[in-house]
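Remarks on the structure that follows.
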Amino acid sequence: MIEDLEKVLFTQSEIHQRISEVAEEISKDYEGRDLILVAVLKGAVFFLTHLAQSLRIPARIDFLGIESFSPGKALPGVVRISKDLDLAIQGLDVLIVEDIVDTGLTLRYLLNVLRERQPRSLAICTFLDKANRRLVELPVRYRCFEIPDRFVVGFGMDYDQRYRTLPCLGILKKEIYQKS
Amino acid sequence: MLCGFAGALPYGIHEIGGGRKLAIITISYQPGSQGESIGQELAGHLGYALITPDRVSEIIRERYQIDYSLRGEIDQTPREKESAKLFASLISAVLTDMAVLNHLIVLECGGQFIFRSFPNALHVRIIAPRETRAHNIMQEIGSPPEQALKTIDELDRRHERFLRTSFRQPVNMPERYDLSINTKGLHVDAAVELILSAVRLKKIDAYGMVSSETVERLKLHNQIRLQRALTNLSLKSTPSLSQFANASELVFARLLDFYGIRWEYEPRTFPLRYDEKGNIIEAFSPDFYLPDSDLYVELTTMKQSLVTKKNRKVRLLHEIYPEIKIRLLYQKDFEDLIFKYKGPKAVGESL
């Protein structure tokens, strides 16, 4: 699989190192508070696992599933929650854990939904950030890596359900996803 | 990109476990060359679903409440460019949806263009001399010889126009077909046998494996194309929507509304170049302004020439107005947004 990469952006050890640093920041910021990590299925699961294991403070974990839908003749591109949280978040410090943030539209939707449940605080932690694709402002408090606007795979990021298990993060060769 | 007409699949076809085997035979035929009978008999032999122009018209009518006939009265094919594009998108949508569910034999309908890059497709062209075809027409509808010849010529013209208008493709390109059969002196059974041999040799039923995710992407891409075509029609017929230049802009405006993001449409024009007298000779009006982000957004399509042109304008804007924030939003961004969260239940959805 590694031969399908145009370039390795971050090695396994670089990724683990960076996640540890971010986990340390979170541990300091949320010390003594009631933290809950909310991961968005499925892409964020790899990141969540490593992040949670690297925290020095206790944290609860929950999952949120979202899917796009186009009822009737509605235009595509809107999302709804397909799997809601199991835990109530009122009064808790919620940290949304995402694999990648780009335009920010979907996260904006999630923030609006979760904010109505009156958590004590609401912030975002993302493994990857394509900041130059952002359309809306978001409270991204923690980011592991800012990456260029390229097709990346590995460490949970997939193409056609492949490459997810690669321990590193790399740019996929164009001919892989453009071949006809 | 997919669906269409333009050829290549957007995402590769992979032979992986858990996918689906799909085989497609497209049959394009000259009127009176017995192509329809060959298609019917072939479908019986192979057990594939037979898709005829009548069936496609029926589905388009049921699903989209649009009444376009694909058969006989092909002169109903819209002449106007936008309607013709919509027509082609509708046909493509219907056929692609069917193709991810069944092995197909597609009679006419531009199938040879829609599926031209599918590795699991066999494209067949059935022809016969004009006189032979006229003879077959005479037998079929009992018209006199001269009338049969006129009918043949008229049907040929309509067919050519249908493909040119809807798919912008000429029909007579031999390299488009894997197999061409002249049915003069050849019985339907013999023609079917030839096609069956080609199916075995090309192994389309053995190698036509498409992963479930690719199937989903095909359907999604189709949905977007179709939505754009339908929206273009509503833009033309609804004055309140006429502020938008195209369907992509309307889609984006509705997305912003859904996500509760305030927007303004083309609120400002930025002069980019002046002539020696100080007259503006080039300007740029980004499509949207998002006041909460203090950000301008320009939408782009898949057309590379337009993307290049817009990239250049954005670069110029950055140079002249460095304080202005602007983003180019590509069609792929829409698709990614939708596909990332596409639920597994969508796999296998039927018509």
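Each value in this text was obtained by applying a stated rule to the coordinates, not by laboratory testing. Everything quoted here is computed from the prediction, not taken from an experiment. All Cβ positions, glycine included, derive from the backbone under ideal geometry; neighbour counts span all protein chains shown.
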Tensor-based shape of region B:146-189 (alpha-carbon gyration tensor, a/c under 1.5 rounded, otherwise prolate or oblate): oblate
Placed amide H near A:Phe155: partners under 5 Å, 5+ positions off or other chain: A:Leu166, A:Cys168
Reachable aspartates and glutamates from A:Lys83, criterion Cα separation under 13 angstrom, eight or more residues apart if same chain: A:Asp62, A:Glu67
Estimated inter-spin distance, B:Ser285 and A:Arg33, nm [label 7 Å along Cα→Cβ]: 4.6 nm
Residues whose placed amide H lies under 5 Å from that of B:Glu108, excluding near-sequence neighbours: B:Ile27, B:Ser28, B:Tyr29
Exceeding the 29 Å Cα-Cα cut-off - candidates A:Lys130/B:Lys313; B:Lys150/B:Lys184; B:Lys277/B:Lys309; A:Lys173/B:Lys310; A:Lys42/B:Lys203: A:Lys42/B:Lys203
Per-residue [θ]222 nm for chain A (sum of -39500 (n - 2.57) over DSSP H runs n ≥ 4, rounded to 500): -7500 deg cm²/dmol
Inter-chain shielding of A:103-112 (mean C-beta neighbours from other protein chains, 10 Å cut-off): 3
Coarse-grained scattering of region A:16-66 at q = 0.28 Å⁻¹, given as base-10 log I(q)/I(0) from a Debye sum over alpha-carbon atoms: -1.10
Relative packing of peptides A:84-91, A:154-161 - highest average C-beta neighbours within 10 Å first: A:154-161, A:84-91
Once the Cα gyration tensor of region A:1-149 is diagonalised, semi-axes √(5λ) in Å: 24, 23, 13
Proximal charge balance of A:Asp84 [Cβ under 13 Å; K/R count +1, D/E count -1]: -1
Sequence-separation-based contact order of region B:258-313, relative, with Cα cut under 8 Å and 6+ spacing, percent: 27 percent
Diffusion coefficient, µm² s⁻¹, Stokes-Einstein with Kirkwood Rh over alpha-carbon pairs of region A:87-180 at 37 °C and 0.692 mPa s: 223 µm²/s
Relative contact order of region A:25-175, defined on C-alpha pairs under 8 angstrom at six or more residues apart (%): 19 percent
